[in-house]
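Presented below is the structure to which this report refers.
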Amino acid sequence: MNRSLRRCLLLLALLAPAACSRTATFNVVRPAILNASAVGNTMTVGPIAAPNPIHLPAAADISAQLQHRIANSLNRSIRLVAAGGGVVITGAVLANDYAETMERNNRVCSRQVQSGTVNGVPQYRTDTYACVDLRRVGTGVSRVQFQITHGSDGTVFFDQVYEFRQQEVTTGIMSSYENRTPAYINPDALTAAARAVNIEHFARVILPWQEQVTVVFEDCNGDARCRQGYDLVQQGNLEAAEPLFTQVIGDADRPGAAVPASEAERIGEAFFNRGLTREYLGRHTQAVADLQRAMQLRPDESDWQTQLEEAQQMARDQEALRQQGAVSNETQNVQRAGTP
């Protein structure tokens, strides 16, 4: 347990008001696995086969969903073309099936029955009786093969089968006193849900995608400027929050500046907070430097190492997005921030 968390728990135990660490949630953009910029960032959705004719509607749905995703990609440089794209996406529906079972569990149920009164007070007894729990279990299975070929020479450079099972359970009961049939499960909706998961997973190969992350800001040993900075983060105003964390850092911002041991916690947490802010402003080099400085001052904060690795990964992601034509020098915008 790191020192900040221990301090928070102690303060809470004493019922004292405390800021402690606070969380914020962001949406960040991750790059596609495939860099299509080398072939002009153009994509064509070719035939989605259905070896079993009953799967033709599923094949049409997959084609429509892929076209919609490409046309509305986070990478605005990608163009969907009807034919002749730099990459051509094809596939086949290998399974789009639904199966259902009804499970029965015999047991003893009980109920309270009034048996009389004593001095005007109702008395009850427990009656037992046989009952059967019913469980309707529906499983939708989607298995789809996706291929990506080079638009000019037809070379296949991606070929993978995705499979996902979506399950839904409804319950009921059967007895002398109560009969309730498990609710109906819609087979088409369940297989469509399984199919959507496969499409989502494949889409990350060809298109950038968004991921939600939650990060923890520190309270800088109770420094009010850190609280003000976090409040601005919560409002989505990272640009205004950054100078407040810099004020807390003060002279320690100078290269090689010494920090007294008594100030290591406050200054270290301010470096950490500013590193987070810069990370989500897209200033990854500065963010990494701040987080490394924070860890020099507070080497026992093991959680900060994870955040440093995240900042380094975001720097790599940003470069990959730039190479893919998805961004130039754009920043990651705060989509939602707040306390739990």
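The values are calculated or read from the model by the stated rules, or taken from the named source; none is laboratory data. Just so it is clear, the structure is predicted and the values come from calculations on it, not from any experiment. Glycine also receives a Cβ, built like all others from the backbone with ideal geometry; neighbour counts cover every protein chain displayed.
See the values below:
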| quantity | calculated |
| --- | --- |
| Subset of the range 63-81 that is among the aliphatic types (A, V, I, L, M) and closer than 10 Å to VAL45 by Cα - its residue that is surrounded by the fewest Cβ atoms within 10 Å (Cβ to Cβ) | ALA64 |
| Unique residue being at pLDDT below 95, closer than 30 Å to THR149 by Cα and either assigned to a strand (DSSP E or B) or among the aliphatic types (A, V, I, L, M) (or both) when the list is LEU74, LEU94 | LEU74 |
| Among (1) modelled with pLDDT of 95 or more; (2) over 28 Å from the mean Cα position of the chain (by Cα), the one test that ARG79 misses | (2) |
| Every residue from the range 39-69 that is within 30 Å of TYR280 (Cβ to Cβ) and free of Cβ contacts under 8 Å to residues at least 12 places away in the same chain | HIS68 |
| Filtered residues of the range 98-130 (kept if aliphatic (A, V, I, L, M) and more than 30 Å from ARG143 (Cβ to Cβ)) | VAL108, VAL113, VAL118, VAL121, ALA130 |
| Count of residues meeting criterion [free of Cβ contacts under 8 Å to residues at least 24 places away in the same chain and surrounded by 18 or more Cβ atoms within 10 Å (Cβ to Cβ)] in the range 82-113 | 0 |
| Residue list for the range 11-33, filter: modelled with pLDDT of 50 or more, of a type in the set (Gly, Ala, Ser) and not in a loop (DSSP other than H, G, I, E, B) | ALA24 |
| So GLY140, is it exposed (fewer than 13 other Cβ atoms within 10 Å of the Cβ), of a type in the set (Gly, Ala, Ser) and either outside any strand (DSSP E or B) or assigned by TED's automatic domain parsing to the domain that holds ALA92 (or both) | no |
| Single unsatisfied condition, GLN147 versus (1) at pLDDT below 95; (2) within 30 Å of GLY85 (Cβ to Cβ); (3) in contact with an Asp or Glu (Cβ under 6 Å, 6 or more places away or on another chain) | (1) |
| Subset tally (residues that are touching a Gly at 6+ places or on another chain (Cβ under 7 Å) and in a strand (DSSP E or B)) for the range 143-164 | 4 |
| Residues located in the range 318-329, provided they are buried (at least 20 other Cβ atoms within 10 Å of the Cβ) and not in a loop (DSSP other than H, G, I, E, B) | GLN318, LEU321 |
| Filter pass, ASP219 being under 30 Å from GLU265 (Cβ atoms) and modelled with pLDDT under 95 | yes |
| Counted residues, the range 212-237 - those being more than 13 Å from ASN273 (Cβ to Cβ) and either assigned to a loop (DSSP other than H, G, I, E, B) or of a type in the set (Phe, Trp, Tyr) (or both) | 3 |
| Residue among ARG135, ARG125 that is surrounded by fewer than 16 Cβ atoms within 10 Å (Cβ to Cβ) and within 32 Å of the chain's Cα centre (by Cα) | ARG135 |
| Residue identified as among the aliphatic types (A, V, I, L, M), assigned to a helix (DSSP H, G or I), free of Cβ contacts under 8 Å to residues at least 40 places away in the same chain and closer than 18 Å to PRO299 by Cα among ALA252, ALA258, ALA240 | ALA252 |
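For every residue, the table says whether it meets (1) polar (S, T, N, Q); (2) over 26 Å from VAL29 (Cβ atoms); (3) in the same structural domain as GLU279 (by TED's automatic domain parsing).
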position	(1), (2), (3)
PHE217	no, no, yes
ASN221	yes, yes, yes
ALA224	no, yes, yes
ASP231	no, no, yes
GLN235	yes, no, yes
ALA241	no, no, yes
GLN247	yes, yes, yes
ALA252	no, yes, yes
PRO255	no, yes, yes
